[in-house]
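J.: Below is a structure I'd like to ask you about.
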Amino acid sequence: MKILDRYILTTYLKTFLSVFIILMFIFVLQAIWLYIGDLAGKDLDTFIIVKLLLYLTPTLIPLILPLTILVVSIMVFGQFAENYEFAAMKSTGISLQRAMKSLSVFIVLLGIITFFFSNNVIPWANYNVYNLRKNIAQVKPALAIAKGQFNEIGTYNIKVEDKTGENGQFLKNVVIHKKAASNSKNRTVIISESGELKSSENSNILQLVLYNGHYYEEIFSRKPSQTKKKPYAKSYFEEYTINVDLEGLNDVDIDDKSYDNRYNMLDVNALNFTIDSLYKQKSERLKTFSNTLYNRTSAAKLNDNISPKQDSIFKGDDLISIFNNRTKVQLLNLAQNTINSTKQIISTNKQNFTVQTKWRNKHVQSLHDKYVLGLACIILFFVGAPLGALIRKGGIGLPLVIAILLFLTYHFIGIFAKNSSLDDSVNPIAATWLSTIIMLPLSIYLTRRATKDRPLFESEGLLEPMKKLFGIKSKTLSYDRSLLDVNSEAYQTLNSYDNDKLIDVLKHYREYDYSIEYKNSSLALLNARGITEQQLKFAGNLTDHSYEESIRLKYLYEENSKLAFVLYALSLLLILPGAVLRNNGFPTTGSVLFFAGIGLGVIYLFALIKSFIDHANLYKQLEKNSVSNALVFVLFGLPLYAFIYFYQKKKIKEDLKLSAVKKQTIVPNASQITNIKGYSDQLKDYKAYSKFALIFYCIGVVLFVLYLVFKNNKLPAAESASIELSAVSGFLFMIYTVITSIHYNSLQKLTEQHNMSKHMLWTVLSIVFYPVVYFLRRNKINKDVSA
């Protein structure tokens, strides 16, 4: 192995192990939170809890491993590109594919190992997790009577208002429901003012002594007339003793593993055998069901050899009219009962077939998941590696955000496809492979772009013809050569300036709100004084390059945003009438308009993304990297672009004017800040970390809202994935929040306005209300650095 291959592989493996361990830790914590209800109050050994967590760890691999590969690939290759290591490789003739060679071999081997892992280890882990959780669920709380709730002990449900005493043995306001012997409802209730628990260490009998209470028992009667009276027996007691036999309550074998036939406990061979058996059972059940319905029609008993003849007496069309009314009623009742019975049979079998179909499709999905996991690891590597090389950004900031968004897309596509395939509305095999198949062309596209060293996104080939079609012309900077009147007061004022002042007017005339005539006249005066344009240009005093670039980006944004606005309006004008026509008797015309609008909507998305990129570049040029402005653009740009278009157009004009065109660096108030360089460095770090904290906060909140939505709509797979990824985003948000608070505290220490108590309050509030604290801190920093 060459030195370069060893260096790339070592760097990748170090990052891979770090990210994998961190993600595993996060997901294990989330698993503890999910299963805390199964473990609480069971008096379980620590070894059993640890064993459950160890069994759970392999089951998390299908979620953690693809995410780890995607994150690490973007981070490592982004770091290589950011540090110009790829540039150094290319200068020596080493291509991206050559740089990825050692990692490609590693990822392919990892994919093969992953298949064997998913085929052998994960089924074993699921088998142990399921049986251990089943056994734990049977363990009863060990004499734990919590106040304010019903506690099941033996054949009694006991509720107490309060507990006192050294061991909590004295009870107040006791309510007891005695379980019925069979599945009938509970009919016995005991209520007392107080009680006492008595038991000895070596005894299996718990003695509950009740004082000053009543004993109620409903009396069951077979006579409906008596049942309506609701008879019951009531007795009063001063002392009543209940003995509860504790032997056998916790007689549960934790190591029992008798259940082994779930789809996620089987390997490839067992799944193939089970799926084949399930399809045979389906055919047999359908055949039995069809025979049942056929036999109920009595069609088999009819004599097909009879040739019907026209009756010479009966001339009517309705055969039932020849019977008397009593027979008619009997025949109709018989027909109705037969129909109802048949409908009930069909309904019951339909429910059974639905359950069986879901069970069979889960086996099919489980089989193909084993193949998909290994291939997904390989494909996601070829998505992440070139994407990192293209974005040229390493570390855990932007690469992590992009990786999580990509993985969310990949994972939720898979979840929704699998859920749709459970009832056979989608082929379960296609549903299992769908998300991976979607990522395949993306990996090919990104790898080709990175290999050719092309930008991530080029829309000119698609958008330029659309601009020509709609007559959207490109703007360029034009210069007016007009001069001030030599006899005017303004010209005489310029003539009185020295050369330095004239150069300042020449370069920054817009900052002083002067017209172009002032610039041209200043240039003419300087030329007359022996200073040529060539000299001014070499000195960088002829034009304000910052303003020129800002105007160029503004024109570019206006072109693409205008195209996006036109496409947005046209797509709405086609989609809305198309939907109306489809639902009102014109399906063909409506469908044509609707899908034409969808097509324009797709192009609109490209124009929207391009205009957003131009918008971001413009504000970067103006040094106004406003996160809030970007969030408004992203959140409301898609559905409400008609409003965003005019809002952004007005805002850009105001920001260009307020910036006075000239790029200015914020100079901290020297009276408050002595170490200006240290303050600037801390401010730069604070801005970066605070933005990523805000991003992960928003992602976490959105995922948690999706978790609640999926939970209310009974989508367990999507529910589980959203809460797990929300936990990851929350964990990353907490890390960035802590780092942000540390940098903010360092900033405040460099000023004369450091308030530790206020800083701690803001830090605590930021955990829940981070966006509010983010903007408060930003305003405070702006005040501190104002001159």
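J.: Would you mind finding the one in S591, S571, S522, S515 that is modelled with pLDDT of 80 or more and not assigned by the TED database to the domain that holds K650? Can you show your working first?
T.: Details: S591 fails: not assigned by the TED database to the domain that holds K650; S571 fails: not assigned by the TED database to the domain that holds K650; S515 fails: modelled with pLDDT of 80 or more.
Testing whether each residue is modelled with pLDDT of 80 or more and not assigned by the TED database to the domain that holds K650 leaves just S522.
J.: Inside the range 604-619, can you point out the residues that are open to solvent by less than 30 Å² (accessible area, probe 1.4 Å) and more than 19 Å from Y555 (Cβ to Cβ)? Full working, then the answer.
T.: Within the range 604-619, the first condition is being open to solvent by less than 30 Å² (accessible area, probe 1.4 Å), and the residues that meet it are 604, 607-608, 610-611, 614-615, 618-619.
Passing the criteria: only Y604.
J.: Same structure, new question: Going through the range 266-303 one residue at a time, which ones are at pLDDT below 85 and either surrounded by 14 or more Cβ atoms within 10 Å (Cβ to Cβ) or part of a loop (DSSP other than H, G, I, E, B) (or both)?
T.: Residues satisfying the conditions are T297, S298, L302, N303.
J.: Touching a helix residue (DSSP H, G or I) at 6+ places or on another chain (Cβ under 7 Å) and among the polar types (S, T, N, Q) - does that describe any residue in the range 706-728? It would help to see each step written out before you state the result.
T.: Taking the range 706-728 as the starting set, the residues that turn out to be touching a helix residue (DSSP H, G or I) at 6+ places or on another chain (Cβ under 7 Å) are 706-707, 710-711, 715, 717-719, 721-728.
Still in the running and among the polar types (S, T, N, Q): 722, 726.
Checked against the condition, which is being touching a helix residue (DSSP H, G or I) at 6+ places or on another chain (Cβ under 7 Å) and among the polar types (S, T, N, Q), the range 706-728 yields at least one hit.
J.: So which residues in the range 695-728 are part of a loop (DSSP other than H, G, I, E, B) and not charged (D, E, K, R), if there are any at all?
T.: Let us first name the residues in the range 695-728 that are part of a loop (DSSP other than H, G, I, E, B), namely 713-715.
Selection gives N713, L715.
J.: Next question, about the same structure. I'm trying to understand the selection: among the residues of the range 186-245, which are modelled with pLDDT of 85 or more, surrounded by 13 or more Cβ atoms within 10 Å (Cβ to Cβ) and among the polar types (S, T, N, Q)?
T.: Hits for the range 186-245 are T188, S192, S194, N212.
J.: All but one of (1) under 30 Å from D369 (Cβ atoms); (2) at pLDDT below 85 hold for S459; state the number of the condition that does not hold.
T.: Among (1) under 30 Å from D369 (Cβ atoms); (2) at pLDDT below 85, S459 violates only (1).
J.: OK, next. Mind listing whichever residues of the range 363-377 are open to solvent by 20 Å² or more (accessible area, probe 1.4 Å) and under 18 Å from V105 (Cα atoms)?
T.: Listed by number, the list holds a single entry, L375.
J.: Right, something else. Checking G578 against (1) assigned to a helix (DSSP H, G or I); (2) open to solvent by 50 Å² or more (accessible area, probe 1.4 Å), which test does it fail?
T.: Going through (1) assigned to a helix (DSSP H, G or I); (2) open to solvent by 50 Å² or more (accessible area, probe 1.4 Å) one by one, G578 breaks only (2).
J.: Given the condition surrounded by 15 or more Cβ atoms within 10 Å (Cβ to Cβ) and either of a type in the set (K, R) or modelled with pLDDT under 80 (or both), answer yes or no: does some residue in the range 55-67 qualify?
T.: Within the range 55-67, not a single residue is surrounded by 15 or more Cβ atoms within 10 Å (Cβ to Cβ) and either of a type in the set (K, R) or modelled with pLDDT under 80 (or both).
J.: I've got another one for you. Which is more than 30 Å from D655 (Cβ to Cβ) and open to solvent by less than 40 Å² (accessible area, probe 1.4 Å), of L525, L563? So that I can check it myself, show each step before the final result.
T.: Values: L563 fails: more than 30 Å from D655 (Cβ to Cβ).
So the residue among L525, L563 that is more than 30 Å from D655 (Cβ to Cβ) and open to solvent by less than 40 Å² (accessible area, probe 1.4 Å) is L525.
J.: Then there's this: Take the conditions open to solvent by 60 Å² or more (accessible area, probe 1.4 Å), at pLDDT 85 or above and not basic (K, R) and apply them to F25. Does it pass?
T.: On the way: open to solvent by 60 Å² or more (accessible area, probe 1.4 Å): yes; at pLDDT 85 or above: yes; not basic (K, R): yes.
Taking the combined requirement at face value, the residue satisfies it.
J.: Please find, within the range 418-428, the residue that is modelled with the highest pLDDT out of those that are open to solvent by less than 70 Å² (accessible area, probe 1.4 Å) and under 19 Å from Y371 (Cβ atoms). Steps first, answer last, please.
T.: Residues of the range 418-428 that are open to solvent by less than 70 Å² (accessible area, probe 1.4 Å), as a first pass: 418-422, 426, 428.
Cutting the leftovers down to under 19 Å from Y371 (Cβ atoms) gives us 418, 421, 426, 428.
Details: K418: 84, S421: 83, V426: 80, P428: 88.
Ranking the candidates gives P428 first.
The values are calculated or read from the model by the stated rules, or taken from the named source; none is laboratory data. Note that this is a predicted model, so its numbers are computed, not measured. Cβ coordinates were reconstructed from backbone atoms using ideal geometry, including for glycine residues, and neighbour counts include every protein chain displayed. The area values use the complete protein model at the heavy-atom level, side chains included, leaving out ligands, DNA and RNA. Shrake-Rupley method; radii C 1.70, N 1.55, O 1.52, S 1.80 Å.
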